[in-house]
Amino acid sequence: MARRPASHRRKPLPAGEFDAQVVDLAEDGRGVARVDGKVTFILGALPGESVRFAYTRVHRDADEGELRSISLPSPDRVTPPCRHFGVCGGCSLQHLAPAAQIAHKQQRLLETLQRIGKVMPESVAAAITGPTLGYRRRARLGVRYVDKRASVLVGFRERASPLLAALDSCAILDPRVGLRLRELGAAISALSIRRQVPQIEIACADPAVLVLRVMAPPSDADLRVLQTLAADHDFVLYLQTGGPDTAFALQDPAPPLETSPDGSDDRLRFAPTDFVQINAAVSQQTVRQALDWLAPAPGSRVLELFCGLGNFSVPLARRGARVTGVEGDRALVQRARDNARRLGLEAAIDFHVADLFLPGTDATWQRADFDSVLLDPPRAGAEAMMALIGRQRPQRVLYVSCHPATLARDAGILVHDHGYRLQRVGVMDMFTHTSHVESMALLVRDPEPGGFAGATGSSSLRA
C-alpha cells in the first residue's frame, strides 16, 4: 500500500501532560488556552482555570487537548447532572453553571454580530430561560444492536465518535422517554427485526409519541412486543418505512399530537415528524416576547417568513394582526391552514408555499405592503429575503435566529444597505447544556422626516 505524502501525515503528539491557563470558551464548549503562544482547545476545561492537559491533535494554526487535572477550578464549575456526561456527545456544557452558560452565549452573540455583521445592538434583553433538565421534547435517537452485548443501544453518539453511547437514561430528554432508554432497548432487542431499526424519533408533546424507523416489516410477534411497550409506558408508537410521509400509527386512530404556541388555550396539531421547537417552555416565552417586541396593532399587516405550522401566526392573529405566512414545506403549510381553520382564524391568516432561499419577485405576497416582518429561518438564515425586506421598508423586523453567524450577516445587510437600526437583541436558552445559541433581534426603521410611521404607530418602542 502506498504511503501517504509527508504533508498529509499526522504530526506526532507531544508526550506527557502540560500546564495551561484557560482564558476563554470556544463555540463548541472547549476551553481556550495559549500554550507557548499557540491557541490550544482543551476539552473539559473552563475559563479561569489552571489545568493540566494531554495533546490529542496538533495542527499548524491551533492544537487540541483533553483535560487531565485541575489545580485551580472555575467558580462556575459544577457537577454534571447526568452521569453519562463526557461520554455521550449530546451535551457539551453540563460542567458549567447554567447562569454562566447564558453569559457565554450572550457574549458569543454580541461578538458575532460585531465581527460578521459590523453591528451592535442599542440594548440587550434579559435571556429567556426555562427548565435545565427534562426539557427536550424532540430528538432523534440512534438505535443499534451490538453483538458483543447481545442487546440494543438507544441514545446519542459518543462525543467525537460515530459510535452510540451506552446510555440507560438521559437527563435532558423528556423523562417519559429519557428514563426509559433501557426499556426501549430491551423491547427492540426482542424484535425479529432488531437489526433493521436504526433510529427512533421522539415527539413528547401531548401525548408522547415515538416513531420507529424500520427497514423491514415487523412480524405479528414484533407488533405484540411494540403494543405491550406502548401500553406499559403510555407511548403512542408509529412505524416509518421510508420518508416522513410514510409514518403510520400502530394505534388506529392515533390521538392528535398538540402543542400550545404561547401557553394559551390555542393548540396547534402536528405530525410526529414535523418540526417543532424542542423546548416547549422556552418556545412559548419566545413567542410572547416576539409579539411584545413587534407590538402589532389591530389590523396591522405582518409578513411571517418560515412560518412552519403557525407557531407565531396564530398568536399574531389573536392580537388582531392580518398575517401572511410563507413556508417552503407544503405539508407544513397545509397543517398550518388546518390549524387556522380549526381555531377560527382562517380569515386572518393567508398562508403561501414558497422557496424562501430564492429571491424571486413574482408571487403576489411579495408585491403586497406590510407594516412589519417576522422571520424564523433555519441555520442558513434568510439572506435571499433581505432585498425583499429592503424594498418593502417595513418599520419593524423581528428576526428569530438559531445561528448567530447568519443572523449577524442578515442584520448587517439590513443595517448597512437598507437603513435599519439594530435596536435590541437577546438570547433564548432553548438548548441548555449545549453550545447551541438561539437569539432574537429587533430591527427598526425610523420614519423619514414628514413621513408616515406606519400602521404600528409611533417609532418609539417599549423597553
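The values are calculated or read from the model by the stated rules, or taken from the named source; none is laboratory data. Fair warning: this is a prediction, and the values are worked out from it, not measured in the lab. In this analysis, Cβ positions are derived from the backbone assuming ideal geometry, glycine residues included, and neighbour counts consider all displayed protein chains.
Taking the range 330-354 as the range and being charged (D, E, K, R) and either closer than 19 Å to VAL302 by Cα or in contact (Cβ under 8 Å) with a residue 40 or more places away in the chain (or both) as the test, the residues that pass are ARG335, ARG337, ASP338, ARG341, ARG342, GLU346, ASP350.
Would you confirm, using the coordinates I've provided, whether ALA54 is in contact (Cβ under 8 Å) with a residue 12 or more places away in the chain, buried (at least 18 other Cβ atoms within 10 Å of the Cβ) and farther than 30 Å from ASP174 by Cα? No, not satisfied. Contact map, the range 231-257: first residue assigned by TED's automatic domain parsing to the domain that holds LEU184 and free of Cβ contacts under 8 Å to residues at least 12 places away in the same chain, second residue assigned to a strand (DSSP E or B) and among the aromatic types (Phe, Trp, Tyr), Cβ cut-off under 8 Å, separation 6 or more or different chains; pairs are PHE248/TYR238. Here GLN284 qualifies as within 18 Å of the chain's Cα centre (by Cα) and either assigned to a helix (DSSP H, G or I) or on the phi > 0 side of the Ramachandran plot (or both).
Within the range 349-371, identify whether any single residue is surrounded by fewer than 18 Cβ atoms within 10 Å (Cβ to Cβ) and closer than 18 Å to PHE270 by Cβ, and answer yes or no. Yes, the range 349-371 has at least one match. Can you confirm whether PRO404 is under 25 Å from the mean Cα position of the chain (by Cα), touching a residue at least 12 places away in the same chain (Cβ under 8 Å) and crowded, with 24+ Cβ neighbours inside 10 Å? Here the answer is yes, as PRO404 does meet what is asked. Taken over the range 369-387, the criterion of being of a type in the set (Gly, Ala, Ser) and farther than 22 Å from ASN311 by Cβ is satisfied by ALA387 alone. Looking only at residues of the range 316-332 that are touching a Gly at 6+ places or on another chain (Cβ under 8 Å) and surrounded by 15 or more Cβ atoms within 10 Å (Cβ to Cβ), we find that the one that is farthest from ASP292 (Cα to Cα) is ASP329. Search the range 111-144 for residues being part of a strand (DSSP E or B) and not charged (D, E, K, R), and hand back the single one that is farthest from the chain's Cα centre (by Cα). Among them, the one singled out is SER123.
The strands (runs of 3 or more DSSP E) found entirely in the range 1-110 that carry 2 or more residues being closer than 29 Å to VAL124 by Cα are 18-25, 31-35. Checking each residue in the range 417-442 for being surrounded by fewer than 19 Cβ atoms within 10 Å (Cβ to Cβ) and in contact with a strand residue (DSSP E or B) (Cβ under 8 Å, 6 or more places away or on another chain) picks out ARG421, GLN423.
One line per residue, one yes/no per condition, for (1) under 23 Å from MET215 (Cα atoms); (2) not small (Gly, Ala, Ser):
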| position | (1), (2) |
| --- | --- |
| TYR145 | yes, yes |
| LYS148 | yes, yes |
| ARG159 | no, yes |
| ALA165 | yes, no |
| ASP174 | no, yes |
| VAL177 | yes, yes |
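In the range 379-391, the residues that are assigned by TED's automatic domain parsing to the domain that holds GLN366 form no Cβ pair under 6 Å with any partner that is surrounded by fewer than 16 Cβ atoms within 10 Å (Cβ to Cβ) and in a helix (DSSP H, G or I), whether six or more places apart or across chains. Looking across the range 375-391, the residues that are charged (D, E, K, R) and under 23 Å from PHE275 (Cβ atoms) come down to ASP376, ARG379, GLU383.
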